[in-house]
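Novice: Could you have a look at this structure, given as structure tokens, before my questions?
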Amino acid sequence: MNEAAHEFTRIKSAIWEPQGSIDHISNTDQDPDEANGQQSLVDRHREALLENTIRALDDGPTIVHDNEDTCGDEEWTIRNSDDDGPQLLTSSDSTSKKEVSFQHEDNTQHREETAPDDPLETVRRSARIKRAPRQFGLLTKPVKSIKDWPYDWKAAIANELSAHAKAGTFDIQEIIEHDDITERDAQVVRFRFIYGLKNWELGPARATPKARLVAQGCNLRSVEGAQLILSNEEIPYEVPASLQALRVTLNFALSHGHEIWISDIDYAYLHAPLLGPAVYMRVPQDMVKVGPAKIAPVVRLRKALYGLPRSGGDYNQYAREQLKQLGWTPTNADRNLYVRRSGDETYMLALYVDDILLAAPQLHQTKLQNELKETFTIQKGFQKVDDKGTRYMGMNFVRTNDQIVVSLPEYTKHVVDEFKLLRNTGESLKWANTPYLNKMNKKDLRLDEAGEYEEKAAKFIGMLLWLARTARPDVITAVALLSRHTHSWSKYADAMLTRIIEYIDRTATEGLTIKKLGKWRAMRAYSDADHAGCLFTSKSTTGYCCFLEDGNGKRSIIDWSSSKQGAVFDSTAASEIYALSVTLKAAVLPISMMLDEVGKPLPVTVYCDNEAAIKDTQHGYSKKLRYMHKIARVSLCFLHDLFFNKELGLCLEYVHTSENVADIFTKQLAAAEFTKHRSQL
């Protein structure tokens with residue numbers, strides 16, 4: 001018996017246990033012998049699915065299925081690929097000629113098939129080189145070939161299939177022919193497994209292999225076989241809790257002496273029923289080992305399977321309804337930030353997809369946690385944020401009596417190690433006290449010379465952006481400037497990336513300090529713009545940061561940003577007005593709404609270092625300003641209405657450039673100025 005057969009025998013008993021939702025037979029009047037027969041039939045279906053998947057991992061003969069589909073869609077193939085791991089392939093994944101390989105120990109036979117002449121099939125005829133799309137770095141390490149990674153992938157697949165069975169994602173008894181689909185608005189989708197290593201930044205020994213059964217939602221088909229392009233109205237719009245909401249929750253817990261507990265929901269999407277039109281998943285033909293043979297077998301999806309366009313929205317709506325029943329109220333500023341009151345006490349809960357952040361008094365934590373465990377599947381329980389350190393969304397939270405330090409030292413080291421591997425020179429990184437290149441060296445770098453790191457540039461920009469948005473505001477400007485070179489990578493961009501890596505290597509243990517404040521007195525926001533700072537487009541850069549402040553002047557940062565403006569403005573005042581507008585829309589107003597809904601309304605002061613912009617905002621639009629760009633004109637009217645509506649409690653004041661903290665988010669600063677503003681964050 002080969003390795004796959006041994007593995008199948010070992011784990012098949014753990015898959016789809018009788019108490020799962022699929023195993024339950026609701027017909028109580030059914031004859032016991034008939035029920036036992038149906039149960040045996042279901043078990044054989046399940047074993048076929050698991051065996052089919054595990055055999056695809058084995059080094060034995062590859063599984064090949066060639067189906068003549070009546071819907072004019074793709075042919076199904078399962079094979080072992082050195083590039084992509086075990087996967088489901090179709091004729092649309094290759095050219096019009098499809099090569100099927102039967103692998104054996106000593107020989108390999110090949111045959112060619114002509115793909116069906118189907119007008120719905122898209123055949124690549126361009127002569128240009130097909131390149132892989134740019135991929136941004138993730139916390140979980142994607143795995144292309146699982147043969148190269150010595151982890152228990154078969155157990156990971158078994159756990160994934162077991163979760164789908166218990167959740168009732170699909171019922172194997174409902175496998176039907178494609179032609180038997182009765183809903184004319186139904187959608188048909190393929191599926192595949194994707195693989196990754198969670199917590200890879202902690203080192204190979206602590207990494208966890210993950211296998212996910214996902215729908216290929218990028219290729220939805222109608223019953224007739226036509227590719228579907230869904231409109232925004234057909235996909236429920238949802239976003240997870242913002243980083244602003246997470247920091248508001250942390251600040252609230254610190255100021256009120258509440259405990260903070262974190263946890264994650266297992267297989268979160270599978271809790272939610274799949275709404276909207278019926279969706280059928282194509283399945284391999286040999287999965288149907290019992291019953292009549294089927295030409296194009298499909299099975300209806302009942303739960304929000306990963307990969308479908310509407311799954312995220314359906315899950316968030318489901319989670320919201322469940323939390324409402326427990327007494328939680330979603331805030332209007334952020335629908336995944338929840339507030340709950342009991343007498344004089346206020347609790348807060350932030351839900352970032354499957355990650356829970358719960359802030360409440362110690363006395364009520366046990367009750368709240370038990371309610372959540374009864375509502376969602378939470379196997380690992382809750383972890384308390386304390387001085388020992390707790391991980392949440394890849395971030396390390398370390399709490400002492402008067403502060404919480406948010407840092408990503410392991411992730412930073414992972415980014416640096418990945419860069420060293422890419423560089424592959426053996427040279428040590430230089431010491432850097434800022435993330436910027438020295439201005440004197442810019443003339444020595446040619447922008448028209450292609451850079452060496454172009455292929456992996458997007459990956460590193462993605463990783464650095466996550467680092468900058470979560471815990472390292474001091475590098476966000478440098479990363480934002482670097483991101484402008486993504487599609488025109490040069491030697492200069494190589495040097496910029498190297499400099500940022502050198503800086504974070506030296507400061508890997510640094511992070512964001514959230515301070516315990518006394519009674520909150522105000523929120524203060526700083527806005528700035530670097531007029532025409534982009535050498536390539538003459539566009540300006542917007543930068544802002546927001547703080548909570550107590551009566552003693554002690555501050556704790558809530559949000560920050562650095563971004564290129566969307567239009568060119570011909571004056572500094574116009575670019576500053578636009579920056580003020582962005583500051584209010586993206587940070588001040590949402591955070592103010594959050595504070596109002598947790599019972600902490602605060603007066604807001606916004607600081608700007610351009611007197612002309614402040615005067616224009618005070619006076620509003622006039623005919624003398626008719627030359628202004630439409631965007632600046634609308635922003636000016638918007639600001640004038642807000643700052644002079646006394647009910648809103650907004651105030652606009654001047655601050656000298658040297659004291660404008662937002663200056664660090666708009667331009668490259670000298671070392672002394674950079675260090676000064678960084679210390680104020």
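Novice: Any residue in the range 385-400 that's touching a residue at least 24 places away in the same chain (Cβ under 8 Å): show its pairings with residues that are of a type in the set (S, T, N, Q) at Cβ separation under 7 Å, as long as the two are six or more apart or on different chains.
Specialist: These pairs meet every condition: Thr390/Gln383; Met395/Thr470; Asn396/Ser407; Phe397/Thr390.
Novice: Looking only at the range 394-422, count how many residues are surrounded by fewer than 20 Cβ atoms within 10 Å (Cβ to Cβ), touching a Ser or Thr at 6+ places or on another chain (Cβ under 8 Å) and over 17 Å from Thr507 (Cβ atoms).
Specialist: Of the residues in the range 394-422, 1 are surrounded by fewer than 20 Cβ atoms within 10 Å (Cβ to Cβ), touching a Ser or Thr at 6+ places or on another chain (Cβ under 8 Å) and over 17 Å from Thr507 (Cβ atoms).
Novice: Something else: Within the range 499-543, count every residue that is within 17 Å of Asp474 (Cα to Cα) and in contact with a Gly (Cβ under 6 Å, 6 or more places away or on another chain).
Specialist: 2
Novice: Another question about this same structure. Exactly one condition in (1) more than 22 Å from Leu467 (Cβ to Cβ); (2) outside the structural domain of Lys456 (by TED's automatic domain parsing); (3) of a type outside the set (Ser, Thr, Tyr) is not met by Gly426; state its number.
Specialist: (2)
Yes or no, residue by residue, for (1) of a type outside the set (S, T, N, Q); (2) at pLDDT below 85:
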| position | (1), (2) |
| --- | --- |
| Tyr411 | yes, no |
| Val415 | yes, no |
| Ser428 | no, no |
| Ala432 | yes, no |
| Pro435 | yes, no |
| Asp444 | yes, yes |
| Glu454 | yes, no |
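Novice: Working only within the range 509-519, note down all residues that are within 21 Å of Ser562 (Cβ to Cβ) and out of contact with any Asp or Glu (no Cβ under 9 Å at 6 or more places or on another chain). Spell out the reasoning first.
Specialist: Taking the range 509-519 as the starting set, the residues that turn out to be within 21 Å of Ser562 (Cβ to Cβ) are 510-514.
Answer for the range 509-519, where residues must be within 21 Å of Ser562 (Cβ to Cβ) and out of contact with any Asp or Glu (no Cβ under 9 Å at 6 or more places or on another chain): Gly511, Leu512, Thr513, Ile514.
Novice: Right, here's the next one. Going through the range 391-430 one residue at a time, which ones are farther than 20 Å from Val475 by Cβ and within 19 Å of the chain's Cα centre (by Cα)?
Specialist: Arg391, Tyr392
Novice: Counting only residues that are among the hydrophobic types (A, V, I, L, M, F, W, C) and touching a Leu at 6+ places or on another chain (Cβ under 8 Å), give me the strands (runs of 3 or more DSSP E) lying completely in the range 138-219 with at least 3 of them. Quick ask: steps written out before the conclusion?
Specialist: Values: elements: 187-189, 191-198, 208-215.
Ranges flagged: 208-215.
Novice: List every residue pair whose Cβ atoms lie under 8 Å apart, where the two residues are 6 or more positions apart in sequence or sit on different chains, the first residue falls within the range 364-380 and is not assigned by TED's automatic domain parsing to the domain that holds Gln325 and exposed (fewer than 15 other Cβ atoms within 10 Å of the Cβ), and the second residue, located anywhere, is in a helix (DSSP H, G or I) and modelled with pLDDT of 95 or more.
Specialist: Close Cβ pairs satisfying both conditions: none exist.
Novice: Which of the residues belonging to the range 554-574 are within 23 Å of Ser483 (Cβ to Cβ), under 31 Å from the mean Cα position of the chain (by Cα) and not aliphatic (A, V, I, L, M)?
Specialist: Residues satisfying the conditions are Asp559, Trp560, Ser561, Ser562, Ser563, Lys564, Gln565, Gly566.
Novice: Take the range 152-203 and flag every residue that is under 26 Å from Gln227 (Cα atoms) and of a type in the set (Ser, Thr, Tyr). Outline the logic, then answer.
Specialist: The initial filter retains those residues of the range 152-203 that are under 26 Å from Gln227 (Cα atoms), namely 169-172, 174-194.
Answer for the range 152-203, where residues must be under 26 Å from Gln227 (Cα atoms) and of a type in the set (Ser, Thr, Tyr): Thr169, Thr182.
Novice: Please tell me if Arg300 is part of a strand (DSSP E or B) and at pLDDT 90 or above. Let's see the steps before the verdict.
Specialist: Numbers: part of a strand (DSSP E or B): yes; at pLDDT 90 or above: yes.
In short, yes.
Novice: How about the range 444-493: which of its residues are of a type in the set (Lys, Arg), under 26 Å from Gly394 (Cβ atoms) and free of Cβ contacts under 8 Å to residues at least 60 places away in the same chain?
Specialist: Step one: list which residues in the range 444-493 are of a type in the set (Lys, Arg), which gives 446, 456, 459, 469, 472, 484, 491.
Filter once more, so that each one left must be under 26 Å from Gly394 (Cβ atoms): 456, 459, 469, 472, 484.
Passing the criteria: only Lys456.
Novice: Among the helices (runs of 4 or more DSSP H) contained in the range 531-631, which hold 1 or more residues that are closer than 30 Å to Thr249 by Cβ and among the aliphatic types (A, V, I, L, M)?
Specialist: On the way: elements: 572-583, 589-597, 611-619.
Correct list: 572-583, 589-597.
Novice: Within the range 372-391, can you find the residues that are under 24 Å from Arg320 (Cβ atoms) and in contact with an Asp or Glu (Cβ under 9 Å, 6 or more places away or on another chain)?
Specialist: Result: Phe376, Thr377, Ile378, Gln379, Lys380.
The values are calculated or read from the model by the stated rules, or taken from the named source; none is laboratory data. Treat the numbers as computed from the prediction; the structure is a model and nothing was measured. Methodologically, a virtual Cβ is constructed for each residue, glycine included, from the backbone with ideal geometry; neighbour enumeration extends over all protein chains shown.
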